[in-house]
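Okay, structure first, notes after.
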Amino acid sequence: MPAPRIKSPALLVAESGADRAGHGLKRTMGLFQLVCFGIGAIVGTGIFVGLSDSVAQAGPAVVVSFVLAAITCVFTAFSFAELGGAIPVAGSSYSFAYAGLGETTAFLVGWCLLLEYGISISAVAVGWSQYVNELLHSLTGWQLPAALSAGPGDGGVVNLPAVAVIAMACVLLVRGVRESARATAAMAVLKIAILVAFCAIGFTAFQHGNLTPFSPAGLGGIGAGTTAAFFSYIGFDAITTAGEEAKNPRRDIPVAILVCIGLVTLLYCAVALAAIGAIGGGQVGGRPAALSYVVNTVTGSSVGGAVIAFGAVVAIASVVLTVTYAQSRILMSMSRDGLVPRVLQKVSPRTSTPVAGTLVVGVVFAIPAAFATLDVVVNLCTIGTLAIMGVVNIAVIALRRREPGLARTFRVPLYPVLPLLGVGCCLYLMYETGWTTWLQFAAFLAAGLLVYVGYGRRNSRLAAGSGAAEVTPDAVEAEPRPA
């Protein structure tokens with residue numbers, strides 16, 4: 001049996017130009033921008049739209065579900081922090097798998113990232129469309145017709161707002177990373193402020209009786225709620241895709257990951273308690289635009305709900321922006337390795353961004369956004385992300401054994417207990433997604449394996465002996481300006 005094709009961390013860093021000048025990507029992101037980037041990728045559809053689904057499963061015990069989902073993320077966040085500091089490249093978990101487990105696993109991780117980042121763009125855009133209609137109704141009493149604001153599965157024809165938000169994100173991203181980072185930071189601060197304001201309003205009407213029964217569906221409901229709540233945390237690992245555009249990635253990426261998880265968990269638990277405590281879990285569960293409904297009910301006015309809807313529109317748009325950014329960087333890394341077409345690695349000499357890759361991502365994932373329902377894409381996003389997180393935990397263990405001398409600015413505490421717990425939690429939450437999702441995921445992986453065998457394996461630069469630490473003309477069309 002042939003040995004797996006493995007790239008050393010040193011080669012990955014050298015090929016990316018992460019530790020030297022002369023690469024097409026520019027270093028413009030500091031710690032604050034990275035934290036805002038992480039919050040921008042996480043806080044959006046999961047809390048503004050998905051909260052009602054989590055509450056429908058777990059009731060008031062959704063707070064426990066959020067904490068359990070956060071614990072799963074924290075175990076893996078430690079692994080991402082170690083690998084993100086040691087291998088600061090744009091490929092994120094794809095590159096980590098390449099270094100730890102080999103090319104085949106890396107390709108399948110990159111394929112699964114199409115679910116975490118690509119399909120989640122579609123899911124988030126569908127959620128954005130719901131709040132656009134809520135905002136329009138609050139301000140004008142008018143809504144977009146269902147035929148133009150929902151896919152066929154939701155009683156419409158085509159979801160034009162979902163397509164529009166993806167298009168706007170792509171336009172901003174191709175203009176440059178500095179502009180995108182500034183926009184993301186502004187939107188992150190705004191949506192946190194609006195969620196804090198929501199908590200303040202919700203807690204003024206808080207009634208302890210609304211928290212009983214605390215767990216109406218028992219442990220099974222909490223487990224199902226945890227799987228639903230996990231979608232709210234998808235995106236924290238996107239921070240590691242900024243490894244080549246961060247000013248000090250080895251120091252700042254681990255810190256940004258852990259700060260984001262902590263802040264987001266506190267915020268989610270507070271929002272859930274405020275919403276349920278104000279009107280009860282039965283009123284929150286399964287309700288579209290639930291946060292706006294809570295504020296309207298508490299204040300007796302539609303003004304507060306309009307503000308929340310506006311915050312949701314901004315928040316979810318920022319998720320589309322950051323996740324589109326992350327997906328284009330993953331494809332750029334895979335293209336460098338020859339596993340996907342070379343056009344995806346080209347960097348514009350004017351904007352220092354992968355324009356072609358960004359536009360491809362926008363066009364491809366606007367299609368499911370236009371026609372799919374939120375439930376279908378959310379389940380696939382969740383199981384794909386959990387699989388990636390499990391692989392990253394295993395990659396930490398593999399690299400500790402294979403590369404004991406690798407420079408690590410952060411090390412997973414209680415090794416190897418926490419990575420193994422991370423794998424176990426991921427497998428449990430994958431199980432909770434249900435057999436239908438498993439069948440869909442198995443078919444998706446089989447398709448990915450066929451693509452790898454038919455294209456990636458035959459075009460691999462590592463196998464061809466061209467995996468040298470150099471920047472090819474296709475990768476950089478012109479010498480970049482210094483950051």
### Task
Determine whether region 244-261 contains at least one residue that is of a type in the set (Lys, Arg), touching a helix residue (DSSP H, G or I) at 6+ places or on another chain (Cβ under 9 Å) and either more than 22 Å from ILE330 (Cα to Cα) or assigned to a helix (DSSP H, G or I) (or both).
yes
### Query
Considering only region 381-398, how many residues are buried (at least 24 other Cβ atoms within 10 Å of the Cβ) and out of contact with any Ser or Thr (no Cβ under 7 Å at 6 or more places or on another chain)?
4
### Summary
Taking region 97-114 and keeping only residues that are closer than 17 Å to ALA238 by Cα and either of a type in the set (Phe, Trp, Tyr) or buried (at least 24 other Cβ atoms within 10 Å of the Cβ) (or both), one is left with ALA97, ALA106, VAL109, GLY110, TRP111, CYS112, LEU113
### Query
Is region 280-300 home to any residue that is touching a strand residue (DSSP E or B) at 6+ places or on another chain (Cβ under 6 Å) and farther than 28 Å from THR226 by Cβ?
no
### Message
Could you go through region 280-292 and let me know if any residue there is at pLDDT below 85, surrounded by fewer than 22 Cβ atoms within 10 Å (Cβ to Cβ) and in a helix (DSSP H, G or I).
### Response
no
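Residue by residue, here is whether (1) farther than 22 Å from LEU258 by Cβ; (2) surrounded by fewer than 19 Cβ atoms within 10 Å (Cβ to Cβ); (3) within 22 Å of the chain's Cα centre (by Cα) holds:
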site: LEU339; (1), (2), (3): yes, no, no
site: VAL377; (1), (2), (3): yes, no, yes
site: THR409; (1), (2), (3): no, yes, no
site: PRO419; (1), (2), (3): no, no, yes
### All positions within region 8-29 that are assigned to a loop (DSSP other than H, G, I, E, B) and either under 25 Å from the mean Cα position of the chain (by Cα) or at pLDDT below 60 (or both)
GLY17, ALA18, ASP19, ARG20, ALA21, GLY22, HIS23, GLY24, LEU25, LYS26, ARG27, THR28
### Message
Condition (residue is surrounded by fewer than 14 Cβ atoms within 10 Å (Cβ to Cβ), over 30 Å from GLY221 (Cβ atoms) and modelled with pLDDT of 90 or more) applied to region 456-468: is it met by at least one residue?
### Response
yes
#### Entry: Residue check for ALA326: more than 30 Å from ASN210 (Cβ to Cβ), buried (at least 24 other Cβ atoms within 10 Å of the Cβ), in contact with a Gly (Cβ under 6 Å, 6 or more places away or on another chain) and touching a residue at least 12 places away in the same chain (Cβ under 8 Å)
no
### Query
Among the candidates SER92, SER79, which residue alone is hydroxyl-bearing (Ser, Thr, Tyr), touching a Pro at 6+ places or on another chain (Cβ under 8 Å) and surrounded by 24 or more Cβ atoms within 10 Å (Cβ to Cβ)?
SER79
### Message
When you check TYR415 against the structure, is it aromatic (Phe, Trp, Tyr), in a loop (DSSP other than H, G, I, E, B), out of contact with any His (no Cβ under 8 Å at 6 or more places or on another chain) and at pLDDT 90 or above, yes or no?
### Response
yes
### Task
Considering every residue within region 316-330, establish whether at least one is modelled with pLDDT of 85 or more and either closer than 18 Å to ALA200 by Cα or in contact with a strand residue (DSSP E or B) (Cβ under 9 Å, 6 or more places away or on another chain) (or both).
no
### Task
Please find, within region 30-58, the residue that is farthest from TYR268 (Cα to Cα) out of those that are aliphatic (A, V, I, L, M), over 15 Å from the mean Cα position of the chain (by Cα) and part of a helix (DSSP H, G or I).
LEU31
### Task
May I ask you to list the residues in region 394-418 that are among the charged types (D, E, K, R) and touching a residue at least 12 places away in the same chain (Cβ under 8 Å)?
ARG400, ARG402, GLU403, ARG408, ARG411
### Message
For region 107-132, give me each residue that is more than 14 Å from THR324 (Cα to Cα) and touching a residue at least 40 places away in the same chain (Cβ under 8 Å).
### Response
PHE107, LEU108, VAL109, GLY110, TRP111, CYS112, VAL126, GLY127, TRP128, GLN130, TYR131, VAL132
### Query
Going by the conditions given, is PHE365 aromatic (Phe, Trp, Tyr), crowded, with 24+ Cβ neighbours inside 10 Å, modelled with pLDDT of 85 or more and out of contact with any Asp or Glu (no Cβ under 8 Å at 6 or more places or on another chain)?
yes
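The values are calculated or read from the model by the stated rules, or taken from the named source; none is laboratory data. No experiment lies behind these values; they were computed from the predicted model shown. So basically every Cβ, Gly included, is an ideal-geometry build from the backbone, and we count neighbours across all protein chains shown.
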